[in-house]
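Here's the structure we're looking at; comments come further down.
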Amino acid sequence: MSAKSRVGAPAKGPEPLRRSKEAVKAASLAAAYELLTEAGLSGVSFDEVSRRSGVAKTTIYRYWPTRSALLFDAVMQFAPRLQTPATGSLRGDLTALALGLAQRLQTGRWSSAMPSIIDAAERDKEVAEFQSRTHAGMMSGFSAIAARAQARGELGPNFDVSELTAAIAGPLFYRRWFSRQELDDAFVRGVVERALGWDSSGHG
């Protein structure tokens, strides 16, 4: 090969990685969720998401103009969702849902990130909106269970499901993030019993 032919010949190297729009978005969301569950809300930034995902920051901004928008989509895609049980009774459904929620609170990476989000929501309106929307999604099973119970006549048409949700989820959250006590099955079942107004033997 002549010197002339060598001059100007492009250096050969690995071809640039080309990813589809879907792959780029998936990589960005996965990186955002990993950062959130590893370091809390303060660990998530567009710079860090770009570094971990390999997606240009300008590209990430194109799909999600704010960090909260990115995090909401990431949580909706990757945070574990509780399956709404269908045991045929209000008591059975609520017990199964509460036991599942307790399990996720103790083992899910998502629960370790929640305190940092709640803390930031006190001072940031955008984070507060993000927290409210993700929490509503997490608690949606209670509404579905109540609707079925109303159709069966177990609950009245004007029943306030938000009070029932708070009565069951509240004690679980308290043990997970405040008292740090074990969320064992006996405790969870007792919470459901008390929320429904039953005594420990199951009689009204």
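The values are calculated or read from the model by the stated rules, or taken from the named source; none is laboratory data. These figures come from a predicted structure and were not determined experimentally. Neighbour counts run over all protein chains shown; Cβ positions are idealised from the backbone, glycine included. Heads up: the accessible areas ignore ligands, DNA and RNA and are worked out on the full protein's heavy atoms, side chains in. Shrake-Rupley method; radii C 1.70, N 1.55, O 1.52, S 1.80 Å.
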Check: Got a sec? Which of V55, V49 is part of a helix (DSSP H, G or I), free of Cβ contacts under 8 Å to residues at least 40 places away in the same chain, among the hydrophobic types (A, V, I, L, M, F, W, C) and in contact with a Lys or Arg (Cβ under 9 Å, 6 or more places away or on another chain)?
Finding: V49
Next item on the list: Return yes when L71 is at pLDDT below 95, under 30 Å from L164 (Cα atoms) and surrounded by 13 or more Cβ atoms within 10 Å (Cβ to Cβ) and no when it is not.
Entry: yes
Next item on the list: Please state which of the following conditions T58 fails to meet, knowing it meets all the rest: (1) more than 26 Å from V188 (Cβ to Cβ); (2) surrounded by 14 or more Cβ atoms within 10 Å (Cβ to Cβ); (3) modelled with pLDDT of 95 or more.
Entry: (2)
Next item on the list: Could you please tell me which pairs satisfy a Cβ distance under 6 Å, a separation of 6+ or placement on different chains, a first residue in the range 99-115 that is more than 20 Å from L35 (Cβ to Cβ), and a second residue that is part of a helix (DSSP H, G or I) and open to solvent by 10 Å² or more (accessible area, probe 1.4 Å)?
Entry: L105/R176
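Conditions (1) crowded, with 17+ Cβ neighbours inside 10 Å; (2) at pLDDT 95 or above, marked per residue:
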residue: L97; (1), (2): yes, yes
residue: W110; (1), (2): yes, no
residue: Q131; (1), (2): yes, no
residue: A147; (1), (2): no, yes
residue: N158; (1), (2): no, no
Item checked: Those residues of the range 97-138 which are over 22 Å from R180 (Cβ atoms) and not in a helix (DSSP H, G or I), in sequence order -> R123, D124
Margin query: Go through (1) open to solvent by less than 40 Å² (accessible area, probe 1.4 Å); (2) modelled with pLDDT of 95 or more for R91 and report which single condition fails.
Written below: (1)
Note to self: From the list P80, P65, exactly one residue is within 20 Å of E129 (Cβ to Cβ), open to solvent by 60 Å² or more (accessible area, probe 1.4 Å) and not in a helix (DSSP H, G or I). Which is it?
What the structure shows: P65
Next item on the list: Being under 15 Å from R104 (Cβ atoms), surrounded by 10 or more Cβ atoms within 10 Å (Cβ to Cβ) and small (G, A, S) narrows it down to one of G190, G137, so name that one.
Entry: G137
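Looking at A136, A144, A167, can you tell me which residue is under 28 Å from I117 (Cβ atoms), out of contact with any His (no Cβ under 8 Å at 6 or more places or on another chain) and in contact (Cβ under 8 Å) with a residue 40 or more places away in the chain?
A144
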